[in-house]
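This report refers to the structure that appears directly beneath it.
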């Protein structure tokens, strides 16, 4: 399995958001330069330097200083040739002209902004550092510097959020000069501020029905726009789909660099240690910073192919499935395919298995049907 994609994790933020469970740390007093040293050292473990996609996420990569950001960009370009899509995550208020110029100069052609909402009160609830005006400014800047693809993240099912508030954010986003939207319902994750507040009865979430209504509104608005849905939570103009994320959904291999990063190389899934100081220590001791690794069984690989592939509108390609596993998808999953087709949760045609609109709403229930006993 040739690996042609890589994810790099920058685990530093200017502020910790109330809902976030990614591996991240408040950047003040962190050994950022030492971390970059070790990250660059880890790049050397990749056995292929010619990549199609690169995604730098976090944390917040734009929390780095200009000098640190340039050092990272230089190192990436020294170790890798990126032929297709090169994405950086960014906070709108951190996307200064000097930082966006650096990104452009070093070949970054896609920016993914953590916007979440255009509602000022909800931004405070989420613990975001940016104001609504910062979003407009960041999008304008990205366009001024001719960044090829601009993506905004929007959240729904937020504490106290009404469907009108979500609709307003959607309308604003769709009116902007952008090419891509990722939109997710809030999931309460352990170890987040939101989760702790919820357990103490201090956080009230909208009903599940309202969350479903918000998702249906999202699909309806997208259908009326210049964008199309290509994955359960992702929408783009033609030619601006996230090629990097498709690598995950197609169950293909990718490198993972940095504290808490995950990868899938030569049939082995691995994740790195989370704490920054542990990661640094491992690299300085010339050790791989891996926390755990596992080789999925054939059955587990087939399950992953279904769970991940069904997230995409095009679904699971039956020919690819047969080539990969030397068996027919209809034989492996005959009962599940029959049952889900009767319930109108999937479309099962000659070439693909894909979710219906109803299937997308209750995706997890559909995915469970493909667990092999």
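At a glance:
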{"quantity": "Residues residue 212 and residue 96, FRET efficiency given R0 of 35 Å [Cβ-Cβ distance, rounded to 0.05]", "calculated": "0.35"}
{"quantity": "Extension gain from residue 358 to residue 84, taking 0.36 nm per residue of separation minus the Cα-Cα distance", "calculated": "95.3 nm"}
{"quantity": "Contact order normalised by residue count of the chain, Cα under 8 Å, 6+ apart, percent", "calculated": "16 percent"}
{"quantity": "Likely footprinting exposure, 210, 123, 64, fewest C-beta neighbours within 10 Å first", "calculated": "210, 123, 64"}
{"quantity": "Label-point separation, residue 124 to residue 368 (7 Å along Cα→Cβ), nm", "calculated": "4.0 nm"}
{"quantity": "Alpha carbon convex hull of the stretch 298-368, volume per residue in cubic angstrom", "calculated": "77 Å³"}
{"quantity": "Inter-probe distance in nm under a simple model that places probes 7 Å from Cα toward Cβ, at residue 28 and residue 66", "calculated": "2.4 nm"}
{"quantity": "Spin-label pair residue 313/residue 328, simplified geometry with 7 Å Cα→Cβ offset, distance in nm", "calculated": "3.0 nm"}
{"quantity": "Overall form of the stretch 200-269 per C-alpha gyration tensor (a/c, 1.5; a/b vs b/c)", "calculated": "oblate"}
{"quantity": "Per-residue [θ]222 nm for the chain (sum of -39500 (n - 2.57) over DSSP H runs n ≥ 4, rounded to 500)", "calculated": "-11500 deg cm²/dmol"}
{"quantity": "Rounded to 5, the percent of DSSP beta bridges in the chain classed as antiparallel", "calculated": "40 percent"}
{"quantity": "Candidates 35, 255, 106, ranked by Gaussian network fluctuation over the chain, Cα under 10 Å, top entry", "calculated": "106"}
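Readers should treat all values here as calculations from the given coordinates under stated rules, not as data from a laboratory. Small disclaimer: the values here were computed from a predicted structure and weren't measured. For neighbour counting, all protein chains shown are included, and Cβ atoms are generated from backbone atoms with ideal geometry for every residue, glycine included.
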